[in-house]
Structures are given as C-alpha cells and as structure tokens.
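This report refers to the structure that appears directly beneath it.
The numbers here are math on the coordinates, done by the rules we state, and not lab data. Model, not experiment: these values are computed from the prediction. So basically every Cβ, Gly included, is an ideal-geometry build from the backbone, and we count neighbours across all protein chains shown.
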C-alpha cells in the first residue's frame, strides 16, 4: 500500500475493484498538517477519464503491470499495432491509450507494452529518446544563444521547438515526459 | 426527515469540535436528524455547556452525541443514515462503513482554506468503497462551499452585550476600573486576543503608552494568556490597559464577544470566521505550517480583502498581517501597531464590506443542503 501523495503520473492505482492509470496529480496543503491530492485518472478497463480527490494520507494499492517488449509495426486509423518479438503475436492500442507516447513511435522500434490482466493498456517510453530532424527552417546566422527556438519535425511527424542551431539531419535527444528538446546529439 | 451522522476526531484544542457543534445546530435547524460521533466529549462539554463529558450517549438540544468508543452499541441507530459527514478528513473505518444499510452520501468537509484552489476541489468526487463521496471545501469564494454563519450570530439581544458576557464569567466592569470612565476624556477601545503563542510586547507597549485611547484587553485561551503573562501583565489596570484573563467560555459567549469588540486578534479557522462575519478589523493568526506555508493562506486572504480596502490602507495592513504570521510576530514595530490602532474606525469600513460580501455569497449551510438535495438520496 502507498499513501496517495506518493503516486506519480504513470503509476497504476487500485481503487475498489478498478485499476486506474494516474494521468495527473495535484497536491494541495490543506489546514493544519493535512493535505489533499487531486488525481486525473484513466480506468484501465473502460478507458473512462475521471477526476478524484482524496486525502494525501489515504492508502491505496499500487498495481505493477506486466511488461512485454514489443515492436511497433504501423498505425491505421488511430489504432497502433505491436508485435511480440518472441511469440510474434500481434495486439493493438488506440491513440487514447498511447496519449503523448504516440508522438514518438516509429515503425520497427522496440518498446515496452504494459498489460493488465493480459490486456494491453499503455506503452512505456524511455525518459529520453533520440530522433532525426526531418525538417526545420535554417537558423539565422549569429543567433546561437539557444534561447530563441524554431519548429522542427522529427521522424514520425511530431513537431517540437528546437534551438536555432539545429539543422535538418541532426539527431536530437528528446525528453518524452515533457515532449521537449534536450540536446543535439550529432 | 433525513439523518446525518457527523464524525469528528478531535486532534487538539476546540476548533474541530467547535465547527461540528455549530454545523450540527445549523443542520438541526434545517430539519435534519443529526448524530455527532466524536472521540472527545470533554472538549464538547467545554464549549457546549448543555453537554456532559461523562455520558457516552446523550441528546442535547435535539442533537444526539455518541462517543466513538461505544458506537458499536448504536449500530441500529445509524444504519438508516442518509448522509455521513467526515469532518476534516476524519477517517471512518471499514467496520463502521458496514453499519450503513443503504447507500450513503459521504461528504468530507475539509478545513477552511483561503486559497483559490479550494474552489477547484469543491464537490470533487472522491473514492469510497460504499455509496458516493465528495469533498466539500469551505472558503471565502462564491464558488467554494462557503463558511458557517450560524444563525445565532444575528440574534443580538442583551445577552450579547459585552458587560453582560463578562459578568457571566465573574468579571465586573465597574466604572472605577476604567480610566476612560474615570477621566471621561479618552475613547475606550475593546480588543479581544485569541492566539497561538505570540510575541505581544510591542503591541502591549503601544496600548499602554497610547496618549489617545484607553483599552480593555480580553485575553482568551491558554496560549494567549501565557504570551501576555510572560510580559509581566496581570489582570486589572496597567496605565491605559485593563486586562481580563477570561476562563474558557461557551461557544455562544465567545461568538458574542468577538462581535462586540473593536478589534480581534484571532487564530485558527472557526474563530477566524466569527471575526470575518463580525465585520470588525482583525489580525488573523493562521495555523503555522511547515516552511511557513501559512503565509500562502494569508496572501490569499489578502487578495480577497484587497477588493474592499483602499490601496494605501491595504498596503500597510497586508504588511502587518504577513509579519503577524511570521516568527510569532516578532518583526512588528510599534509604529505599525500604532497606525493600525489609530485607524481602526476607518479600517472597520472595509471589514464591514468584506463581511457583507461573505454573508451574501458564502453560506455553507445553504450550499451543503443544496448539494445534499441535488444528490436525491
């Protein structure tokens, strides 16, 4: 059991008979030494998203999901197909299940798929990944402070802000939690 | 008639049970059958003079009080409950939840919070293994749960007169005890202090050596009295100040006193609300929290008050209130207290507007009953 204030985004919390992925947490100090936590949760079975407030010291079970490394195959009409690299079984996840993670999927990449009761519920990206810049406008000469940014499109089509010195063909490291540029790799 | 059971675990002092006693009375007045389950009958009996600390089960003024230690004996009585109120996150064990035979509406009434996020959490759904559970956030915003006015606050007969309340507790204000009466020259200001441990030496000197006014200082609560006694002050006259060390009063008498003085130094939450509703100037001492987090609450309160105060007055008042809540008020200068005391009647206008706003927009009992009704239990 863990107390509510210890749960973080991405954890899976059990409330009653249901399991939820924690999408967002807000911690508020209340009166005296008490506190309140507001969760944005996604029901792992129904997919319903809800908000729930609990006292910060309320205790809940954390569910450890099964993890299986799979290969991302393709996306078709909002459904993302993955293949188990040992059994060659295929399964699908929706764009809602993947949320922000969908931005960083490229065909043939290996990724951990999380399963609850044998049902795929989410994928887990590493905290940072490397992607090649497919398109960006050239930066202006002389402005290399890094504080000014421009849009860049990476493999897979996701667009994010990068410093002006980043060019087409560069490989950049991205923080998948913030969906943001970290550094140029080469 | 709907039945409400209020669970209250007293941690310290009288604040928690004070709010519950007030809430229970207000719900009873609105035709609810009210049962209060508490772990501290001694505290209850101290503020509610009709109650006994010895009786594990008692009905006082229509409200049933049960000691938490013997609740198991009264399972049948609470099994038909419609609404359960967890006062301030009071935990109800799974065993007790099983007493309820029908689907109950559980409402966790939190501590009063002056921060805006209280509105965001207000009526937020929470988790419970049975029934439905919601957070109810008391605060001073229209969009929040509001605050408890207590209808008794507006019944101001002769029993609400300062002299009569003091007399009830053995304090007689004879004219000879008051210099103002004796000389008949200086105005007399009445100040109530109910605080946590605080540094009052500069404040006391401000009153003692004030050449413009004289003061009655009503000192309530052990911590206040210790803070003042440590300055060498005793009951009675000292230059311009007549100090009164009050014994513990009933809640109603305390409410009356707060409304009858010219200035309140007030602590906690329930007493703070009494001061707000009284429409008199106050300095609120918020419950001290880790990393001085109470200052966030003070700043939030100030943001509300700023709507009712001229900017120059507000600037000085806000500095004073923030200092009052840091380091036991040690940084406050006599000049700052002097400014506050000298401008009380001007400042009072702002607090009257503030009080009117709260009474108009923040009625907790109305909001609570509306919510219960909307759930159609």
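Using the 2.2 N^0.38 Å rule of thumb for compact globular proteins, work out how the range A:1-148 stacks up: its C-alpha Rg over that value, please. List each step's numbers first, then the result.
Details: Rg = 19.2 Å, N = 148, 2.2 N^0.38 = 14.7 Å.
Its radius of gyration relative to the 2.2 N^0.38 Å reference: 1.31.
Using a/c under 1.5 as the rounded threshold, could you call the range B:320-377 rounded, prolate or oblate? The axes a ≥ b ≥ c are square roots of the C-alpha gyration tensor eigenvalues, and prolate needs a/b larger than b/c, oblate otherwise. Here the range B:320-377 falls in the oblate category. Per-residue mean of foreign Cβ neighbours for B:120-130 is 5 (Cβ atoms of other chains, 10 Å radius).
For chain A, the mean residue ellipticity at 222 nm estimated from helices alone is -500 deg cm²/dmol, where every DSSP H run of n ≥ 4 contributes -39500 (n - 2.57) and the total is divided by all residues, rounded to the nearest 500.
Each of B:120, B:270 was scored by other Cβ atoms within 10 Å of its Cβ. Listed from fewest to most, they are B:120, B:270. The packing ranking of peptides A:34-40, B:349-355, highest mean first, is A:34-40, B:349-355, where packing means the average number of other beta carbon atoms within 10 angstrom of each residue. Full extension of the segment from residue B:169 to residue B:290, taken as 0.36 nm per residue of separation minus the current Cα-Cα distance, would add 39.9 nm. Length gained on full extension, residue A:112 to residue A:134: 5.4 nm, using 0.36 nm per residue less the C-alpha separation.
Remark: C-alpha extents of chain B on the principal axes read 68, 43, 36 Å, sorted largest to smallest. For the peptide A:13-22, the mean number of other protein chain Cβ atoms found within 10 angstrom of a residue's Cβ is 1.
Each part gets one Cα centre, and for the range B:305-348 versus the range A:148-186 those centres are 52 Å apart.
Pairs of Cα atoms in the range A:66-124 fall into 5 Å distance bins, from 0 up to the last occupied one, in shares of 4, 21, 37, 28, 9, 1 percent. Run lengths n ≥ 4 of DSSP H only: what is the helix-derived mean residue ellipticity at 222 nm for chain B, with -39500 (n - 2.57) per run over all residues, to the nearest 500? About -11000 deg cm²/dmol. Averaged over residues, the count of other Cβ atoms within 10 Å places the peptides B:334-341, A:82-89, B:276-283, B:71-78 in the sequence B:276-283, B:334-341, B:71-78, A:82-89, highest first.
Please list, by residue number, everything in the range B:75-111 whose backbone N is under 19 Å from a paramagnetic label point 7 Å out along Cα→Cβ of residue B:57. Under 19 Å, as judged by backbone N against the label point of residue B:57, lie B:75-82, B:96-101 of the range B:75-111.
Calculate, for residue A:119 and residue B:348, the FRET efficiency according to 1/(1 + (r/R0)^6) with r their C-beta to C-beta distance and R0 45 Å; round to the nearest 0.05. Between residue A:119 and residue B:348 the formula returns 0.10.
Which FRET efficiency value, to the nearest 0.05, do you get for residue B:237 and residue B:1 by plugging their Cβ-Cβ distance into 1/(1 + (r/R0)^6) with R0 = 60 Å? Rounded to the nearest 0.05, the efficiency is 0.65. Fewest neighbouring Cβ atoms within 10 Å first, the residues A:108, B:342 line up as A:108, B:342.
Taking R0 as 41 Å, what's the FRET efficiency between residue B:327 and residue A:76 from their Cβ-Cβ distance, rounded to 0.05?
Details: r = 64 Å, r/R0 = 1.57.
About 0.05, to the nearest 0.05.
Calculated from the alpha-carbon coordinates, the range B:167-295 shows an Rg and a Dmax of 14.7, 49 Å respectively.
By the count of neighbouring beta-carbon atoms within 10 Å, fewest first, B:302, B:112, A:44 end up ordered B:302, A:44, B:112.
Let me know the mean shielding of A:49-55 by other chains, meaning the per-residue number of their Cβ atoms within 10 Å of its Cβ.
Shielding by partners across A:49-55 averages 6.
The protein assembly as shown has equivalent-ellipsoid semi-axes of 56, 33, 17 Å, by the square roots of 5 times the alpha carbon gyration tensor eigenvalues, sorted largest first. Sorted from greatest to least, the principal axis extents spanned by the alpha carbons of the range B:27-118 come out as 41, 32, 26 Å.
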